Amino acid sequence: MIQLINCNLYKKRALGMTLIELLLTISIVTILATIAYPRYTDHILKAHRTTAKADMLRMQLLLEESYQGSYDWSNLISGGSCTICDSDTDRYQFSVASSATTPYTIVATAQTTKGQHNDDCLDNDQVMKLDSKGQRIPVDCW
């Protein structure tokens with residue numbers, strides 16, 4: 001925005017931003033954005049991972065509370081989506097499996113739709129696991 005100073009009608013002077021000032025401002029904003037954006041995306045990934053961990057722990061508590069000689073997780077997961085979870089289905093998909101050694105293992109798989117698979121904390125298989133013995137995989141994420 002250019003302002004005209006009309007104090008002296010014979011010497012009109014324009015005040016405004018020069019091209020150098022404009023370039024300097026743009027470069028400062030660019031530098032700040034290159035620092036802030038990666039930190040922001042890392043924070044978002046960590047927040048969604050924390051929500052998924054809380055959902056896994058909630059599922060474990062409900063499984064243990066409703067234990068009647070066996071574990072029934074049919075009311076927790078319906079059609080591949082968790083019915084009690086706060087996590088976004090575009091970020092994590094939950095499943096529960098059983099094996100001969102552990103009665104259940106809760107698995108949260110990172111999805112690619114919103115970039116959750118770019119989380120550095122997760123291993124190559126992009127899953128977090130919590131089993132009935134309380135073992136958590138990967139350990140660094142918990």
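Read-outs throughout are calculated quantities, based only on the coordinates presented, and are distinct from any laboratory measurement. Everything numeric in this text was worked out from a predicted model, so none of it was measured.
The table below gives the values:
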{"read-out": "Rounded, prolate or oblate (a/c below 1.5 giving rounded, otherwise prolate when a/b exceeds b/c) for segment 73-142 by Cα gyration tensor", "value": "oblate"}
{"read-out": "222 nm mean residue ellipticity, helices alone, for the chain (DSSP H n ≥ 4; -39,500 (n - 2.57); rounded to 500)", "value": "-12500 deg cm²/dmol"}
{"read-out": "Cα-based helix-to-principal-axis angle, 19-65 vs the chain, degrees rounded to 10", "value": "20 degrees"}
{"read-out": "Choice from 31, 84, 44 with maximal GNM fluctuation in the chain (Cα, 10 Å cutoff)", "value": "31"}
{"read-out": "Alpha-carbon spread of segment 3-141, three principal axes, descending order, Å", "value": "98, 26, 21"}
{"read-out": "Relative contact order (percent, whole number), the chain, Cα cutoff 8 Å, 6+ residue spacing", "value": "15 percent"}
